[in-house]
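First the structure, in the form of C-alpha cells, and then the observations on it.
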Amino acid sequence: MSVQSNVKNYFNLQTFFLVSLRLLLGWYFLYEGLVKIANPDWSAFGYLMDSQGPLAGFFHSLAGNANTMATIDFLNKWGLALIGLGLILGLFTGMALIFGMMLLILYYCSHPPLASISYIMPQEGSYLWVNKTLIEIFAMAVLLVFPTSQIFGMDRLISKWFKN
C-alpha cells in the first residue's frame, strides 16, 4: 500500500465530505471559543475541579493556582477560537489539527468515560471508553492525513505562492 500525496485522486464525494468535516469541526471549535471569550465570567476552574480518573490530581493542581488558571483560561478560549478559524480558512491546517487534538486529549484525560466514574457536571450520555471527544480526536486525525486545505483553503494559495 503506497501513500499518494496527489489530492486530485479523491472522488468528488470524498472531497466534499472531507472538506465539510474540516469546516464543521472548525465551526464547532470557533464557536466554543467565541462563547467563552464573550463571557467574562467563564473559567475552566469547575471543569478541572470535576476531573476524575488517573490524572485528576494533576488537573486539580492546575486549578489550585490562580496564575495558572488565568493562563489556562486564556489559552483555552483563544486556542479554541484560533483552531476553529484555522480549520475554517484552511490556514495552517496541520498545526490547527495537531493543537486541536492535543486540547481534546487533555479534555479526554480530564474526564475519561469510565463506568466507575460519575461527574458533578452534566455529561451528554452514558459512555464506556468512547465518547464524542475521542471521536473528534480521530476525526481530526483523519483530516491530518487527508490534506483538505490543499484542495480548498488558504494553505493551497500559500503553497502555490511559495512554488512560484
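Quick notes on this structure:
- Within region 57-84, the set of residues being of a type in the set (A, V, I, L, M, F, W, C), in contact (Cβ under 8 Å) with a residue 24 or more places away in the chain and surrounded by 18 or more Cβ atoms within 10 Å (Cβ to Cβ) comprises F59, I72, L80, A81, L82, I83.
- Near pairs, Cβ below 8 angstrom, 6+ apart or cross-chain, from region 33-56 (on the phi < 0 side of the Ramachandran plot and at pLDDT below 95) to any residue that is assigned to a loop (DSSP other than H, G, I, E, B) and β-branched (V, I, T): D50/I120; Q52/I117
- Consider region 95-129 and keep the residues that are within 19 Å of D73 (Cα to Cα) and in a loop (DSSP other than H, G, I, E, B). The one that is modelled with the highest pLDDT is H111.
- Residue under evaluation F11, criteria (1) in contact with a helix residue (DSSP H, G or I) (Cβ under 9 Å, 6 or more places away or on another chain); (2) surrounded by fewer than 17 Cβ atoms within 10 Å (Cβ to Cβ); (3) of a type in the set (F, W, Y), criterion not met: (1)
- Of all residues in region 130-164, those being under 30 Å from G53 (Cα atoms), in a helix (DSSP H, G or I) and aliphatic (A, V, I, L, M) number 9.
The values are calculated or read from the model by the stated rules, or taken from the named source; none is laboratory data. A quick note: this is a predicted structure, and the numbers were derived from the prediction, not measured. Ideal geometry is used to build each Cβ from the backbone, glycine not excepted, and the neighbour counts take in all protein chains shown.
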